[in-house]
Amino acid sequence: MKTLFHAVMVSILLAVPKLVLAAQIPVHNTGVDASDVLVASGAQAAFWTLSAKPAGAVPAIGSYPYRYYNGAYFADTATAAWVSPQAGGAAGVMGAYTYDLVIDLTGLDPSTAVISGVFGTDNDGAIWLNGNAPVATTGFAGFGATTPFTITSGFVSGVNTLHVQVNNGGDPTAFFVSFTSATAAPLPGPPAMIPATSWPVLGGLSLLLLLTTLAALRQRRV
């Protein structure tokens, strides 16, 4: 019985860290508002900002893109949509446009961060983190299917920047990003709050421990 008791204790001790080990990194798909809800077609989206543009391009540095869709593109989803420098999809000037998403890893261990998703560009483009090399690229007419990407290195403590560059080879032009996973381990510190979704697991383990202890006490009396 002591062996069973010890096994239950070990199970609980091993389960608790797993419940709080992974934390979500705040990331935002293209085409959403400040509440991460898709905006209407032609409306300005949030989070992604223009950081570089060709000479003579009208959109201002720091501006947000607009939701835009062309029938040649792969479909929008319920949580992400194509966006363009201009509401009608015509940037007006050919060349490279770069959009940035700020990703804050404050309180998280950058060495454990992993971000995955899919993206698309019209025309060719690339996606990369901070000043590192691109982790994925797209072809000139590759906007009919999503391109997957995964970032496992290059993260720094605190603020990071994800870049997407799209080369406008002729209007219209747009890009799309949808995240499928973004996690990192919390930095060592005060005990983390156990999420409410984990309570049933701990409750079940605690009940099992109680029943095992009562059984052990009864056996001793016998």
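In the range 64-76 there is no residue that is surrounded by fewer than 20 Cβ atoms within 10 Å (Cβ to Cβ), out of contact with any Cys (no Cβ under 7 Å at 6 or more places or on another chain), at pLDDT 95 or above and farther than 26 Å from G144 by Cβ.
Taking the conditions exactly as written (more than 16 Å from the chain's Cα centre (by Cα), at positive phi and not in a strand (DSSP E or B)), does G88 satisfy them or not? Explain how you work it out, then say what you get.
Values: more than 16 Å from the chain's Cα centre (by Cα): yes; at positive phi: no; not in a strand (DSSP E or B): yes.
Spelling it out, it is not the case that G88 is more than 16 Å from the chain's Cα centre (by Cα), at positive phi and not in a strand (DSSP E or B).
G139 meets each of the listed conditions (1) surrounded by fewer than 20 Cβ atoms within 10 Å (Cβ to Cβ); (2) touching a residue at least 40 places away in the same chain (Cβ under 8 Å); (3) not β-branched (V, I, T) apart from (2).
Here V201 clears all of (1) at pLDDT 95 or above; (2) more than 29 Å from A87 (Cβ to Cβ); (3) surrounded by 13 or more Cβ atoms within 10 Å (Cβ to Cβ) except the condition numbered (1).
If I go through the range 99-123 residue by residue, how many of them are assigned to a loop (DSSP other than H, G, I, E, B) and not hydroxyl-bearing (S, T, Y)?
5
The values are calculated or read from the model by the stated rules, or taken from the named source; none is laboratory data. Here the structure is a predicted model, which means the values were calculated and not measured. When we count neighbours, we look across all protein chains shown, and the Cβ atoms used for this are built from the backbone with ideal geometry, even at glycine.
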